[in-house]
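The values are calculated or read from the model by the stated rules, or taken from the named source; none is laboratory data. Since we're looking at a predicted model, the values are computed, not measured. Glycine gets a Cβ as well: all are built from the backbone with ideal geometry, and neighbour counts include every protein chain shown. SASA here: full protein model, heavy atoms, side chains in, ligands and nucleic acids out. Shrake-Rupley method; radii C 1.70, N 1.55, O 1.52, S 1.80 Å.
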Amino acid sequence: MKKSPQQDKLEALLRSSKLSACGFLGEDKRSLWEIIDADATELERLGRTREDVAARMQELTDQAVPALGDWVKVGKMFQVCVDDNRGMIPCPWPHAVRCLKRITTIHHLKTGKTVRWSDLNIHLIKEHGFFEGKGAPFRIEPKDLVDSIFAS
Amino acid sequence: MGTIIIAIVIISGVGAFLATLLVFAERVITNYGDVEVDINKGDKKFTVRGGGSLLETLTNQKIFIPSACGGRGTCGYCKVKVLEGAGTLLPTEEPYMDAQERAEGIRLSCQIKVRNKIEIEIPGDLLTIREYSCTCEKIIDYTYDMKQFNLKLVEPTSITYTPGQYIQLLAPAYEGSPEEVYRAYSISSDPANKSGIELIVRRVPDGICTTYLFDHLKEDDTVRVNGPYGKFYLRDTNAPIIFIAGGSGIAPIKCILHHMKNTTIKRKAVFFFGVRTTKDLFLVEEMKQFEKELADFTFIPVVSQPEEGSDWHGATGRVTTVAEEFLKRMPTVSDCEGYLCGSPGMIDSAVKILADLGIPEDKHYYDKFS
Ligand SMILES: Cc1cc2nc3c(=O)[nH]c(=O)nc-3n(C[C@H](O)[C@H](O)[C@H](O)COP(=O)(O)OP(=O)(O)OC[C@H]3O[C@@H](n4cnc5c(N)ncnc54)[C@H](O)[C@@H]3O)c2cc1C
Ligand code: FES
Ligand SMILES: [Zn+2]
């Protein structure tokens, strides 16, 4: 598929480290659209939509925000901690969205698994279906995420 | 095989020729000659060679407009008011402008080109911002994720700022981060020392600038900063002061406390400083020293989750909850001013509490950066 100059520009920005250390694509050689496509297929296989996933991530973040950085127990299964840092990071897509540099870490008490995301991850998944490229520091594997956040 | 090589050579040759032609055409066609830039109706005027972005043109003249995306049109920070000479709003600017900004002629300075005479308006304090070359004199480890960086000014050799303000520090390219970025850090030092500044920085997971500061910057290295910026400073009143800070948010408050000591300000002040565990506590001795040196200053460190078995006997809980309990018992609390510095979550929570205590919102001071 031929890419538009805007798509080229976006992909170049995502590969660069202008907005995020090591970029959003890591060592992934696939194009942005291939990455998004592959993760969308995986999500469908897992029986979830990106909206479901983002909503659940946001819900877990929101429950731990009032604890101001302390670990809190959410339901029976999770310990959640939201680490809030000063400053905002812009979404690389060309629209006026900026997210807090805030990291949510969830620890699943039964499986012992830990998953982390930033506010920007939630936005990227919800609005752009983008879980980032393999090897990028904030890449989230859809399966790990779904297994963790919907585990009971 | 031979034919393939010949084809490659021909294609490369044609490519190189076209590229040269393009560069040449760009030089001729986009030669805008000298153009005048007028700032704040004649306050500052200069002539530059046209063709560059407004942001770049201003930076070259050492006029620093806030920017967080390096001029890529993605952060929306670099807004200036253009009175004349910028043409119509570009599609790349549209998402960042609301109706009022459009009506006022606000533009993204990184997106518009200086092609002909241009008249702009910027806040006067941006004209006093300078760029400083410094040497990293000392790095102090406070905790596992908190360090202080003492920077000595090399050129220019002195800086004046209002205690509470911040600078922007340039993180140069380093391995894994090939592009330079600027980040804001509050000045924590004694403002009486004009030949250097101190910064207190917390490591942010996989952060561009904090990875540079923590893992790459060494003592004696050169560091570039520009500033000062910000409206977080002590108001000139006699109102009692409530400081609430978390983690690196102690930085501008420490600077303000030095200023209060230097200028013998005798206002009543209480400082709630929140951290998570006792391992996160730092600068406690310095704050106790301020308690001795200032007329009426109380320092209350608050640990939210003291480690099991730790011998912590101080205030325990969330910093804002502890502050609320304490302040409720203060009879004149609604006369106070609140100075807040920390994570957005902490600020939101503190603002609510101060409002509930009857302190009007125009007496809550903090750096907004949304
Ligand atoms: C006015 C002001 C004053 C400040 N003063 C201080 C101070 O005194 N001390 C201090 O320590 N800090 C201060 N800060 C914060 C500081 O400016 C920086 O924001 C902070 O140090 C982080 O910068 P960084 O480059 O290391 O992180 P960045 O690289 O800018 O951001 C890292 C964070 O962004 C998110 N992120 C990055 N890449 C991705 C990705 N690919 N996918 C998803 N999420 C991603 C994550 O949350 C990550 O943790 C201040 C900020 C402001 C606005
Ligand atoms: S510098 Fe970021 S939008 Fe202009
Ligand atoms: Zn977006």
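The residue of the range B:45-85 that is nearest to ligand 3 (Cβ to nearest atom), among those that are open to solvent by less than 20 Å² (accessible area, probe 1.4 Å) and within 14 Å of another protein chain (Cβ to nearest Cβ), is B:Thr74. In the range B:281-295, of all residues being open to solvent by 20 Å² or more (accessible area, probe 1.4 Å) and in contact with a strand residue (DSSP E or B) (Cβ under 7 Å, 6 or more places away or on another chain), the one that is nearest to B:Met330 (Cα to Cα) corresponds to B:Glu291. With a requirement of 2 or more residues that are away from ligand 3 (no atom under 16 Å from the Cβ) and in contact with a helix residue (DSSP H, G or I) (Cβ under 7 Å, 6 or more places away or on another chain), the strands (runs of 3 or more DSSP E) lying completely within the range A:51-118 that satisfy it span A:72-74, A:78-90, A:98-108. Restricting attention to the range B:176-211, the residues that are of a type in the set (S, T, N, Q) and within 11 Å of ligand 1 (Cβ to nearest atom) total 5. More than 9 Å from ligand 1 (Cβ to nearest atom), of a type in the set (Val, Ile, Thr), open to solvent by 30 Å² or more (accessible area, probe 1.4 Å) and free of Cβ contacts under 8 Å to residues at least 60 places away in the same chain - does that describe any residue in the range A:115-131? No: the range A:115-131 contains no residue that is more than 9 Å from ligand 1 (Cβ to nearest atom), of a type in the set (Val, Ile, Thr), open to solvent by 30 Å² or more (accessible area, probe 1.4 Å) and free of Cβ contacts under 8 Å to residues at least 60 places away in the same chain.
The condition of being more than 14 Å from every other protein chain (Cβ to nearest Cβ), within 16 Å of ligand 1 (Cβ to nearest atom), farther than 30 Å from A:Gly135 by Cα and surrounded by fewer than 16 Cβ atoms within 10 Å (Cβ to Cβ) holds for only one of B:Lys254, B:Lys231, B:Lys266, that being B:Lys231. Take the conditions (1) part of a loop (DSSP other than H, G, I, E, B); (2) more than 12 Å from every other protein chain (Cβ to nearest Cβ); (3) closer than 29 Å to A:Leu68 by Cα; (4) not hydroxyl-bearing (Ser, Thr, Tyr); B:Pro205 misses just one of them, which is (2).
Residue by residue through the range B:187-243, note down the ones that are closer than 22 Å to A:Arg102 by Cβ, in contact with an Asp or Glu (Cβ under 6 Å, 6 or more places away or on another chain) and among the aliphatic types (A, V, I, L, M). Matches in the range B:187-243: none.
Selection within the range A:11-28: residues that are crowded, with 18+ Cβ neighbours inside 10 Å and among the aliphatic types (A, V, I, L, M). The member of this set that is farthest from the chain's Cα centre (by Cα) is A:Leu13. Can you name the residue in the range B:301-344 that is in a helix (DSSP H, G or I), open to solvent by 10 Å² or more (accessible area, probe 1.4 Å) and within 14 Å of chain A (Cβ to nearest Cβ) and, of all such residues, is farthest from B:Glu285 (Cα to Cα)? The residue in question is B:Pro344.
Being open to solvent by less than 50 Å² (accessible area, probe 1.4 Å), within 26 Å of A:Ser20 (Cα to Cα) and either part of a loop (DSSP other than H, G, I, E, B) or in the same structural domain as B:Glu286 (by TED's automatic domain parsing) (or both) is a property that B:Glu179 has.
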